[in-house]
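What follows is a single structure, written as structure tokens, with notes after it.
The values are calculated or read from the model by the stated rules, or taken from the named source; none is laboratory data. What you are looking at is a predicted structure, and each value in this text was computed from that prediction instead of being measured. Cβ sites come from the backbone with ideal geometry, for glycine too, and all protein chains shown count toward neighbours. Only protein heavy atoms, including side chains, enter the accessible area calculation; ligands, DNA and RNA are left aside. Shrake-Rupley method; radii C 1.70, N 1.55, O 1.52, S 1.80 Å.
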Amino acid sequence: MRWYPWLDIIYSKILNSYRKNRGHHALLLNAKWDNGEDTLIYAIVRWLSCSHPLETRHCDICHNCKLMNAGHHPDYYPINPENNTQTIGVDIMRACIHSIYHHACQSKVKIIHIKYVEYLTDQSINALLKTLDEPPINTYFFFKTRDYIKIPLTFLSRCMKWSIIPPKESLGLQWLIRQREGVNDILSAQCALRLCNGAPIEAETMFKLGMWKQRLELCKSIHDTIINKDFLKLVPFLNTCRKNTYLYWFITVLVDALKWKQGINKRFIINLDQIELITIIADYWSISSLSLQLQQWLLLLCCFQKFTNIDRELLLTYRLLNWKQDVIESCFHAWSI
Ligand SMILES: [Zn+2]
């Protein structure tokens, strides 16, 4: 199991509660980005299920550890979505609840691990509530969520919530550089980290999956677009659906340009490797138009995230033409002064 150093403190805190027999039976880990929650849950699950746990980790030699290593411990219930869906239906949930009440416990604990609460349907949540209220003895639930605001309060109130926040930038950077795979230099690692809200695992994925290269292509394209005044060339880039990543990167460049324009210190810039591009945007647009544009682009991003059956190309074209119009008006305003 790959361990992440920034989990040490929170792991100790959670584990101590179980070692003192004060651990909550339902744990909900909340993180907007991947900060290693699965690893954290798995480490706690391993410690709880081990017959002879050491102070902070499982023994790895007892019968329960061997079953866990083999991937089929009868008292460990990892609940996954149904095939090709992102849904855990009520039937799966009822079957699981039935098992934990009626099957004999072969080890000392029963553990239910649901990767994302978001996968649970309303009916599944309702089916779980009573069990969360009065769980069978020595039964533990582990949940993860990317957005706990969307979780019903009736469910939230039955869990102990832990927020898994990213490490300090220096620690994240240190870890990222040590991974080496695809990470070329400190500046790139720092930018990737900032683009991922400080989450080193996500930043590493950027390099591993070639997303870093794609982002560099986008930045070059934004640069050429502005210089050549051919704004619609950005449409295919920004129309790339994959979680709206390109659009998100584009917005961070606008955010940086606005910061630059307002004289905010360079150390608060996200795209540290794109200072030239940021200064060009800051030169072409006024503060008020940049600020307004940013609001509009953020609205568009929200719209893309919420609705799937909209004409993305049309909306992007409109937005880009509007952005172009703003540069003309900004210049005109500057000349008239
Ligand atoms: Zn063990």
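Side notes on the structure shown:
- Using a Förster distance of 35 Å, the FRET efficiency for LYS161-LEU292 (Cβ separation, nearest 0.05): 0.40
- Between ASN265 and ASN197, the simple label model (points 7 Å from Cα in the Cβ direction) yields a spacing of 2.4 nm.
- In the context of the full set of protein chains, the chain has a per residue accessible area of 53 Å² (1.4 Å probe).
- Cross-link pairs exceeding 24 Å in C-alpha to C-alpha distance, out of LYS168/LYS261; LYS144/LYS243; LYS168/LYS259; LYS144/LYS168, comprise LYS168/LYS261.
- Taking a ≥ b ≥ c as the square roots of the eigenvalues of the alpha carbon gyration tensor, the chain is prolate, as a/c is not under 1.5 and a/b beats b/c.
- Straight-line cross-link reach from LYS20 at under 20 Å between alpha-carbon atoms covers these lysines, not counting any fewer than eight positions away in the same chain: LYS108, LYS110, LYS161.
- Here the spin labels are modelled as points 7 Å beyond Cα on the Cα-Cβ line, and at ASP60 and TYR101 they lie 4.0 nm apart.
- Cut-off of 10 Å, at most 16 other beta carbons, DSSP loop: longest stretch of the chain lacking such trypsin sites (Lys or Arg not before Pro): 230-337
- Per-residue HN-Hα couplings for the stretch 271-278 [Karplus 6.51, -1.76, 1.60; θ = phi - 60°; Hz; x = Gly/Pro]: 8, 4, 8, 10, 4, 4, 4, 4
- The stretch 1-97: GluC sites (Glu not before Pro) in DSSP loop, at most 16 other beta carbons within 10 Å: GLU55, GLU82
- Extension gain, ASP185 back to LYS208 (0.36 nm per residue minus Cα-Cα distance, nm): 6.8 nm
- Measuring only protein heavy atoms, the 1.4 Å probe finds HIS52 accessible over about 120 Å².
- At R0 = 51 Å, FRET efficiency that the Cβ-Cβ distance of GLN305 and ARG2 yields, to 0.05: 0.95
- For the stretch 168-248, GluC sites (Glu not before Pro) are listed when DSSP marks them as loop and at most 12 other Cβ atoms sit within 10 Å of their Cβ; the list is GLU181.
- Whole-Hz ³J(HN,Hα) from phi, Karplus 6.51 cos²θ - 1.76 cosθ + 1.60, for the stretch 39-47, glycine and proline x: 4, 4, 4, 4, 5, 5, 4, 4, 5
- Modelled FRET efficiency - R0 22 Å, ASN322 with LEU216, Cβ distances, 0.05 increments: 0.25
- Taking label positions 7 Å along the Cα-Cβ direction at both THR87 and GLN174, the computed distance is 4.7 nm, reported to one decimal.
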